[in-house]
Amino acid sequence: MSDDKRVDEVLDILASETRIARDRFQMGVPLDTLGIASLDLVQAIYALETHFGIELPVAENQSGAEFVTVGDLVAHVIKTADAAKAAG
C-alpha cells in the first residue's frame, strides 16, 4: 500500500483539512493524539469522499472516531475506493 500514490493523496487531504503538519500523519500514529477537532475530521472525511468519488461507511455517531490510527483511515479509504472501482 505504501507504493500507492493514493496514500499521499489521503495524507495531503488530511493535513489540508485539519491544518496539521503533513509530516505528523504517519501510518502508526493514533488519530486521537493529533488533536484533530471532530468537525475537522468530519470535513476531512467529506473531502476524501469528494476527491475519490466514494462514500465512506463510518459508524453511526462516530464521525470517523472508529479509525484508531492514520493507517486505519488510509486503508479504509483505499479499500472503499477499490471496491467502488470494482463495482463499476
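Give me the net charge of Gln43's neighbourhood, meaning all other residues with Cβ under 15 Å from the Cβ of Gln43; Lys, Arg count +1, Asp, Glu -1. Intermediate results must be reported in sequence, preceding the final value.
Numbers: positive: Arg19; negative: Asp12, Glu17, Asp40, Glu49.
That works out to -3.
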Using only Cα atoms and rounding to the nearest 10 degrees, what angle (0 to 90) does helix 5-18 make with the longest principal axis of the chain? 40 degrees
If you take every residue apart from Val10 with its C-beta less than 12 Å away from the C-beta of Val10, what net charge results, scoring Lys and Arg +1 and Asp and Glu -1? -3
Given the DSSP H assignment, sum -39500 (n - 2.57) over each helix run of at least 4 residues in the chain and divide by its residue total; what's the result at 222 nm in deg cm²/dmol, nearest 500? -17500 deg cm²/dmol
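Give me the net charge for the shell around Ala87: Cβ to Cβ below 13 angstrom, other residues only, Lys and Arg +1, Asp and Glu -1.
Every neighbour counted, the sum reads 0.
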May I ask which residue of Gln43, Leu11, Val29 lies farthest towards the positive end of the charge dipole of the chain, with charges of +1 (Lys, Arg) and -1 (Asp, Glu) on Cβ and the Cα centre as origin? Leu11
Rounded to the nearest 10, the angle in degrees between the Cα long axis of helix 70-87 and the longest principal axis of the Cα atoms of the chain comes to 20 degrees
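Values quoted throughout were computed directly from the atomic coordinates according to the rules given, and no laboratory measurement underlies them. What you are looking at is a predicted structure, and each value in this text was computed from that prediction instead of being measured. Every residue, glycine among them, receives a Cβ derived from its backbone with ideal geometry; neighbour counts consider all protein chains shown.
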